[in-house]
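*Asks:* Quick one: the structure is below, and I'll ask about it shortly.
The values are calculated or read from the model by the stated rules, or taken from the named source; none is laboratory data. No experiment lies behind these values; they were computed from the predicted model shown. Neighbour counts are summed over all protein chains in view; Cβ atoms, including those assigned to glycine, are modelled from backbone coordinates with ideal geometry.
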Amino acid sequence: HNMDIKIDLSFNMLTGAVPLTLDDFTKLDINLVGNGIDELDDIFCDNAEWMAGAVQNYGCKAILCPKNTYNPRGRQIEDTRVCKDCDPGDDAPFMGSLTCRSQGLLVEEKIILTQIYDA
């Protein structure tokens, strides 16, 4: 399993843990953002050639941002775009979140509902 493999499984309603068998691949670029993934084993964090080498620099955050953090890409691929913590009271219950939720709503939804209510 030494060839470059690219898989895009983003926004596919996947849930649970990332399968441990994927660790058999030495080079893998797998997009898992926007799913219901809640577990990414630490064995993936040292796969230096994964995600075009980003795992070597950012560990598992290069695969998916941790729970209760977010990034517009759902993962960290450069120094200036880190996985940021959600604001107090907001959450990101799954890994690879692009935004945080406020009381169960996406922040964008909360803004719209507030504008409607205030009108």
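*Asks:* Could you figure out which of (1) surrounded by 11 or more Cβ atoms within 10 Å (Cβ to Cβ); (2) within 18 Å of Ser97 (Cα to Cα); (3) not polar (S, T, N, Q) isn't true of Ile43?
*Replies:* Single failed check for Ile43: (2).
*Asks:* Go through the stretch 83-101 residue by residue and tally those that are assigned to a loop (DSSP other than H, G, I, E, B) and either among the basic types (Lys, Arg) or closer than 16 Å to Cys45 by Cβ (or both).
*Replies:* Total satisfying the criteria: 3.
*Asks:* With respect to the numbered conditions (1) modelled with pLDDT of 95 or more; (2) part of a helix (DSSP H, G or I), which one is the sole condition not fulfilled by Ala52?
*Replies:* (1)
*Asks:* Answer yes or no: is there a residue in the stretch 26-33 that is surrounded by fewer than 16 Cβ atoms within 10 Å (Cβ to Cβ), more than 10 Å from the chain's Cα centre (by Cα), aliphatic (A, V, I, L, M) and not in a loop (DSSP other than H, G, I, E, B).
*Replies:* no
*Asks:* Return the residues of the stretch 13-25 that are surrounded by 12 or more Cβ atoms within 10 Å (Cβ to Cβ) and either more than 14 Å from Pro66 (Cα to Cα) or more than 16 Å from the chain's Cα centre (by Cα) (or both); say none if nothing qualifies.
*Replies:* Residues satisfying the conditions are Leu14, Leu22, Asp23, Phe25.
*Asks:* A follow-up question, please. Which condition number does Leu64 fail, the rest of (1) crowded, with 19+ Cβ neighbours inside 10 Å; (2) among the aliphatic types (A, V, I, L, M); (3) farther than 17 Å from Pro93 by Cα being met?
*Replies:* (3)
*Asks:* Can I ask one more? Consider Leu64 carefully, then state whether it is within 20 Å of Asp85 (Cα to Cα), in contact with a helix residue (DSSP H, G or I) (Cβ under 6 Å, 6 or more places away or on another chain) and at pLDDT 95 or above.
*Replies:* no
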